[in-house]
């Protein structure tokens, strides 16, 4: 390896092979022993986040979940379509999406969107955002929490309203 241009030491190679060996051991058959069941939060994150950058253990969990529960795979596909629709700003895709989502695990979410269809359609196509408002509310709540029990409204006003 040194002749091929590798500049590392034997320790680097040993650590690398150890990590590889441990990663492969995670994909061992389930008959090896009991395996802890991941929480619903971990499963949701693994199914919805970027699928390219994963550890061997995360990949093993995702494959096991997809094999055991194809309904979650269908729900993830529906969710990906919704994210693409919102990102592209095409509210015309909303009707086919609602029809497809009705029979999946995303049905309650689709029912909520159907109940307020005009607002969702406007949010997809519109350019308005309430990000500034949400940021100011978050800042206000932070200051309020920091000052809890320390002073009255006049000091809170002095900290939040800039001097004119």
Report summary line: Selection over segment 87-105 where residues are surrounded by 15 or more Cβ atoms within 10 Å (Cβ to Cβ) and either outside any loop (DSSP other than H, G, I, E, B) or modelled with pLDDT of 90 or more (or both) yields a count of 7
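So that you can scan it fast, the table gives a plain yes or no per residue for (1) in a loop (DSSP other than H, G, I, E, B); (2) over 30 Å from residue 103 (Cα atoms); (3) modelled with pLDDT of 75 or more:
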{"residue": "5", "(1), (2), (3)": "yes, yes, yes"}
{"residue": "8", "(1), (2), (3)": "yes, yes, yes"}
{"residue": "31", "(1), (2), (3)": "no, yes, no"}
{"residue": "43", "(1), (2), (3)": "no, no, yes"}
{"residue": "50", "(1), (2), (3)": "yes, no, no"}
Query raised in the report: In segment 141-153, how many are in a helix (DSSP H, G or I) and at pLDDT below 80?
Result: 1
Requested in this report: Could you check, for segment 112-119, whether at least one of its residues is under 30 Å from residue 22 (Cα atoms), surrounded by 11 or more Cβ atoms within 10 Å (Cβ to Cβ) and touching a helix residue (DSSP H, G or I) at 6+ places or on another chain (Cβ under 7 Å)?
Outcome: no
Report task. Would you check which residues across segment 69-78 are part of a helix (DSSP H, G or I) and under 13 Å from residue 46 (Cβ atoms) and list them? Result -> 72, 73, 76
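The values are calculated or read from the model by the stated rules, or taken from the named source; none is laboratory data. Just so it is clear, the model here is predicted, and its values are computed rather than measured. Using ideal geometry, Cβ is built from the backbone for each residue, glycine included, and neighbour counts are taken over all protein chains shown.
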